[in-house]
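The structure appears right after this line, and notes come after that.
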Protein chains: 2
Amino acid sequence: MGFATLSLIAGREAANAGGEFRAVNPATGQNMEPAFISATRDDVDRAVRAAQEAFLVWRKRSAPERARLLRAIADGLDAAAAELVDRAQQETALPEARLQGETRRTSGQCRLFADVIEEGSWVGARVDTAMPDRKPLPRPDIRSMLQPLGPIAVFGASNFPLAYSVAGGDTASALAAGNPVVVKAHPAHPGTSAIVGRIIVESIRSCGAPEGVFSLLFDSGFEVGQALVQHPLIHAVGFTGSRNGGRALMDMAAQRPDPIPCFAEMGSTNPVFILPGALRQQGKQLATGLFGSFTLGAGQFCTKPGMVFLPSQPETTPVLDELRRLTSESGAFTLLTPGIATNYKRSLQSRREETGLAMQEAKEAKGMCAVSAALLETEIDDFLANPEWSQEVFGPTSLVIRYQQREAMMRAAEELEGHLTASVWGTDADLAEYADLIAILERKAGRLIFNGFPTGLEVSDAIVHGGPYPACSDSRFTAVGSRAVLRFARPVCYQGFPEASLPDELRNANPLGILRMINGNTTREAVSS
Amino acid sequence: MGFATLSLIAGREAANAGGEFRAVNPATGQNMEPAFISATRDDVDRAVRAAQEAFLVWRKRSAPERARLLRAIADGLDAAAAELVDRAQQETALPEARLQGETRRTSGQCRLFADVIEEGSWVGARVDTAMPDRKPLPRPDIRSMLQPLGPIAVFGASNFPLAYSVAGGDTASALAAGNPVVVKAHPAHPGTSAIVGRIIVESIRSCGAPEGVFSLLFDSGFEVGQALVQHPLIHAVGFTGSRNGGRALMDMAAQRPDPIPCFAEMGSTNPVFILPGALRQQGKQLATGLFGSFTLGAGQFCTKPGMVFLPSQPETTPVLDELRRLTSESGAFTLLTPGIATNYKRSLQSRREETGLAMQEAKEAKGMCAVSAALLETEIDDFLANPEWSQEVFGPTSLVIRYQQREAMMRAAEELEGHLTASVWGTDADLAEYADLIAILERKAGRLIFNGFPTGLEVSDAIVHGGPYPACSDSRFTAVGSRAVLRFARPVCYQGFPEASLPDELRNANPLGILRMINGNTTREAVSS
C-alpha cells in the first residue's frame, strides 16, 4: 500500500488514537479498504504548532526556494497520476479522463504559483523615498510589500479530489505566499488525499523545506475542522464546499477571540440568461450545450448552470423539447457520496411537490449514489413568488424559467443573490438592448460569461472564481487564478530602515528585478539613492 | 449658522423626529449650541436606499467625473478651513495648528484618491487573450478589473474630527472606488461633521453627482450605527475607534444573513524597542522624543507609543529621570470627551493599585476633560506576568519596561498581540545583532519604524495603517494611503465579451492608458487583436 492511513504531522505519522472510517465507493456502495484513523485534538495542536515553527523559517525562504517545493509537488503529482486517478476514481466515481485532466490542472496550479512568486511582482512592493527638506515636515523613507499571514487551515472539497483538495489551489497559493498549511482531508476521498500527502511530504524532504509547512489531518466528522479553525496559531482559513459548511467555518473564524480571515467558496446556482436574438440564432444547439454543462461531472461543479432564463418565442418549444429529450434519455449519474445523493433526491422530491414547477426526469437510477438527471421548468411569475427555487441543488439538474416580459426577467436579475458566475447568450443587438442586464449582473457575480456556459474554469491571471455572498465569504478575493495568492498575505511597511535590514524586494537596487511602485511610478528600475 | 442640525439624507435635511443632543466643549465642560437631532431608523433606511439608487449611476461615472467630486470636496474643505478649525477646536479642544494641519491632510487625502483613480491603474486590470487553437481545449478571452462594492457605512472617529471623519480617508476612498457612503457622524463633534456634510452636499451639486452618494446621520447613541451595519443594502463598513466599538461592528457585520466586510482600525499600544547601542548614542534625546510622541494630541493617536522596552545599562537612569521630569512638570491635557477622560482616569487608577508598577504623574488637573500625563514603569518579569498591562490606555501615558536580558525582551516581543506599529531604536550594530527582533515584529505589526516614533503618519502610496487583530479587523488592508481604496472594491471578470460591452479599462486599445497585466506581462500597451 502506497500511502499512510494515519494523519501526517510535519512528515510523521500521527499516533493511532482516533476513530476509524472508510471511504465509500460510490459506484458500488461498498466500503473501501483500508480504514483511515481520525486525528485527535492533540494531533491538531501538534500539527499547528509544527506549522508555526516552520513558518518562522519558511517565510524567510527565497521565492526560488518556495517555487522549488511547488514544482517538486507538481512533478510528484504528475509522476503519480496513474495511482492518483485509479484511487480517486474508486473514491469519487468521476470519469478517468476528468480525473486525468484534474491531475494536470492540479500540478499546473502548483507551477502557476511557482511562476508567480519567481517573477516576484505579486508582493506589490512600494517605495516612497525620503524628502528630508519637505515643509512643514520632512517625509521619511517608507517601503512596503506583501508578506505571509501564518499557518493556514485548508479544507479539501468533495467534488474536486485533487484541484481543490490536499495540493489544490488553497494549499499551493498559501505555500507560495510563504505560509505553512494544515489540511483537513475530505473524508470522501481519504486514499487520494493520503497519496497526495505522501507526495507533498516527499517533496518537502527532497527540497529541504521545513517539515512543519505541511500536515494532513483525517476526520470523518467535524471535530478536527473545528479545532483547527479555533486554534490560536491558525491565521486564516481556505474552504471550498457547501453553503452550510462554509458559513459554519465563517462564523467560527469570526467568533474567535482574534477573528481571522476565512475564505469560503460556497458555490452558487450560476444563472444563465438567454436573450431573444441568441435563441433565434442558436436554437437547439443551446439545449445540447446547456444539458452538457449542467450534467458535466454529474452536475457537481460549483459553476453548474442551475437556472436558465429563456424567453417565450417560437424557438422556445423546440429548445425545451430537446432539453426534455436529452434529460429523459440520459443514463444514470453516480454522485460523489451517499449523503450528496440523498440530498439531491430530497431536493428533487420537495420540488416535485411544488405547484408551478414541472419536472422531466430520466428513468429511476439504481444504486446508493446513483441518480437521474432532472429538468425543472417554471414561469417567471411563479419563480419570483418562490425565491427558494433559486437555491443550489448539487447534482445533474437545472431549472428553466420562461419569461414573456423583459421587465420580469430584469426584476429576477435584480433579485439574484451573489453568484460565482452569470452567463448571457446574445447577439450584438441583444447586448446593446440589454446593456442594463449586464450592469445588474456585474453587481451579482464574480465572473460574467458571454455566449458560453460557466463550467470549465480557466486557471489564469485574469480569472475570478468568487463573488458576493453567499457564493463566497469575501467577494474581494478569488479562489482560482494567480490572484488567489492575495488571500493569504498582508502588507508590511518599513519606515526609515537602512538598506541592509530591508527585504530584497524593497532594496534600492531591486536585486529581484520586480515591478515596484516608486514615488507613484511603476517600474523595474532601481531606486536612485 | 452655517450648518444643518438635522441629518442630511441625499442632500436634504431629515425630518425633525429624533432625540436632541449637544456637543460638549471639553475645555469648559459646557454643552454647546446648537442642539443636533438624532436620525431615526427610518432615516437610516432612506439614506441607504438613496445610496443604492445613486450607486447604479455613480459606479458607471468615469474616473475623471469621480475625481472631480473628490477635488471639489477638497477645495471646499480648504475654503472652509477657518470655520472648520474654529468649530472643531471648540468641540475637541485640539490645538489650532493641529486642526489646520488635519484640514490640509483631509483635503490632501481627497486629492490623493482623485489622483489614484485618474491615473487608473489601481483597478488591476488583467487580460488573458483567447487561444482558440489550444489543446485539449481552447482558452476563452478572459478579462477582469476591480469594481465598487456598493453603499458603504462609514463611522467618524472621535480623535480625528476631519481626517478620519465625515470626509476622511474611508469616505474618500469609498467614493473614489465608485461607492456611495452613508456616514454616521461621531457625536463628539457634530458641528464639525455638519460643516463637512454641507461641503460635500454642495460639491455633489456643483459636480452633478447623484445626491444619494452621500448621507450624514447624527446619533448620540448606538441605534443608528447598528441599523446602518445591519441594513441589507449596506455592502461594507469602515470604522476607526476603540476596540470594543470596532469589535461590536465586526460581530454585527459577521452575523448578518449575508456577512459583509468590516474594516475596523481599533488602535494599539505601538511598542517601542530601544536597543543598547541606541540608548548609549541617543541618551536623553530619547526621553524628549518619546515624551513628545506619547503626549502628542494629548496621547489620543492610534499610533501613540504606549509601551517602551528599555535596556538596563548606565544610560538608563538619566533617560528615565528625564522622562519622569518631563512628565511631572507637564501641564494639564484636555481630552476629547468626558467619557474618554473618565476612562483614562479609571485606567490609571487601576494601574496605581498594581504591585510592580511605578507611576510618575504631573500634578492633578482640574476640569471635566482635563487630565495629567503619567509615566508608568515596570520590570520585564512583572510585565510578562501581567499581560493586561499591555492594553491601550487612550491619553497621555506610556509604560516603560526595563529589561536586563535580551531573552526576556524577545519573549515579550513574541507575546505581543497585533499592533498598528512597532518601533525600533538602534545603531547598525544593534540591527545586525537584533535581526530576529525585526523578524518577530514583521509578524506583529503593520508598520515598522526605525529610529523614529510612530506618531505622525505619512499619507502615501507605500504607507500601511493596519496590522493583525486587534489593531485592525483584517490585516490584509490599510486604512491610510492609496492602497486603502482596495478595501471597497472586488474583482469582476468578463469571459468572451465583445469589445463594445467591456468597460474602457479592459478594451483592447487601452483608451485610459492604464497599466494592465496582459498574458502575464504588465504594460500600458494595447492588446493586439
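When Rg and Dmax are taken over the Cα atoms of the protein assembly as shown, they come to 29.6, 95 Å. For segment A:118-175, a crude dipole built from +1 on the beta carbon of Lys and Arg and -1 on the beta carbon of Asp and Glu, taken about the Cα centre, is about 340 debye to the nearest 20. Among residues of chain A, the one whose beta-carbon sits closest to the A-to-B rotation axis is listed with its distance in Å as A:ALA254, 2.
Given axes a ≥ b ≥ c from the Cα gyration tensor, I'd like to know whether segment B:409-486 is rounded (a/c under 1.5), prolate (a/b larger than b/c) or oblate.
Working: a/c = 2.53, a/b = 1.50, b/c = 1.69.
In terms of gyration-tensor shape, oblate.
Take B:LYS366, push a point 7 Å out from Cα through the beta-carbon direction, and compare it with the same point in every other copy: 9.9 nm, smallest first.
With a 10 Å Cβ neighbour count serving as the proxy for reagent exposure, in which order, fewest first, do B:VAL201, B:VAL400 appear? Kindly include the intermediate steps, with their values, before the conclusion.
On the way: B:VAL201 20, B:VAL400 24.
If I rank by nearby Cβ atoms, fewest first, I get B:VAL201, B:VAL400.
Whole Å is fine, so just give me how far the alpha carbon centre of segment A:376-429 lies from that of segment A:283-316. Segment A:376-429 and segment A:283-316 have Cα centres separated by 12 Å. Let me make sure I get this right: for segment B:13-81, a, b and c are the square roots of the gyration tensor eigenvalues over alpha carbons, sorted descending. Under 1.5 in a/c it's rounded, otherwise prolate if a/b > b/c, else oblate. Which is it? Taking the square roots of the gyration eigenvalues as a ≥ b ≥ c, segment B:13-81 is oblate.
The calculated pair-distance distribution of segment B:341-383 uses every alpha carbon pair, bins of 5 angstrom beginning at 0, and gives 5, 20, 30, 22, 12, 6, 3, 0 percent. Cross-link pairs exceeding 22 Å between alpha carbons, from the set B:LYS284/B:LYS304; B:LYS60/B:LYS184; B:LYS345/B:LYS444; A:LYS304/B:LYS60: B:LYS60/B:LYS184; B:LYS345/B:LYS444; A:LYS304/B:LYS60. With label points defined 7 Å past Cα in the direction of Cβ, position B:GLU96 shows copy-to-copy spacings of 8.7 nm, given to one decimal and shortest first.
The Rg/Rh ratio for segment A:302-369 is 1.00, where Rg is the radius of gyration of the alpha carbons and Rh is the Kirkwood radius. Dipole orientation for the protein assembly as shown: of the candidates B:THR171, A:GLY467, B:CYS110, B:CYS110 has the Cα lying most toward the positive pole (charges on Cβ; Lys, Arg +1; Asp, Glu -1). The sum of -39500 (n - 2.57) across all DSSP H runs of n ≥ 4, divided by the residue count of chain A, sets its helix-only mean residue ellipticity at 222 nm to -11500 deg cm²/dmol. Pairwise Cα distances in segment A:65-138 exceed 15 Å for 66 percent of all pairs. Calculate the tail of P(r) for chain A: the fraction of all Cα-Cα distances greater than 41 Å, expressed in %. Of all Cα-Cα pairs in chain A, 27 percent lie more than 41 Å apart. Values of log10 I(q)/I(0) for segment B:200-342 across q = 0.11, 0.16, 0.19, 0.22 Å⁻¹ run -0.67, -0.95, -1.13, -1.32, by the Debye formula with one identical scatterer at each alpha carbon and no solvent. The order of B:GLU353, B:GLU83, going from fewest to most other C-beta atoms within 10 Å of their C-beta, is B:GLU353, B:GLU83. Take each residue of peptide B:230-236, count the partner chain Cβ atoms within 10 Å of its Cβ, and average: the result is 1. About the centre of its Cα atoms, segment A:243-373 shows a dipole size close to 160 debye [charges on the beta carbon of Lys, Arg (+1) and Asp, Glu (-1) only; nearest 20 debye]. Taking a Cβ cut-off of under 10 Å around B:ALA88, the surrounding Lys, Arg, Asp and Glu residues balance to a net charge of -3, with basic ones at +1 and acidic ones at -1.
Per residue of A:135-145, other chain Cβ atoms within 10 Å of the residue Cβ number 4 on average. Charged side chains reduced to their Cβ positions (Lys and Arg at +1, Asp and Glu at -1) give segment A:63-161 a dipole of some 540 debye around its Cα centre. Dipole orientation for chain B: of the candidates B:LEU290, B:GLY306, B:ALA188, B:ALA188 has the Cα lying most toward the positive pole (charges on Cβ; Lys, Arg +1; Asp, Glu -1).
Please name whichever of A:GLY426, A:PHE477, A:GLY452 sits farthest to the positive end of the charge dipole of segment A:418-484, dipole taken about the Cα centre and charges placed at Cβ: Lys and Arg +1, Asp and Glu -1. Sorting the options by dipole projection puts first A:PHE477.
Need one word for segment B:376-444: rounded, prolate or oblate. Basis is the Cα gyration tensor (sqrt eigenvalues a ≥ b ≥ c); a/c below 1.5 gives rounded, then a/b vs b/c decides. Prolate, since a/c reaches 1.5 and a/b exceeds b/c. The mean number of partner chain beta-carbon atoms within 10 angstrom of a residue's beta-carbon across peptide B:465-478 is 5.
For the peptides A:268-276, B:344-352, A:289-297, the ranking by packing is A:268-276, A:289-297, B:344-352, with the highest mean count of neighbouring Cβ atoms within 10 Å listed first.
No lab work stands behind these numbers, since they all come straight from the coordinates. The shown structure was predicted, so the numbers you read here are calculated from the model rather than taken from an experiment. Note that each Cβ is placed from the backbone with ideal geometry, even for glycine, and that neighbours are counted across all protein chains shown.
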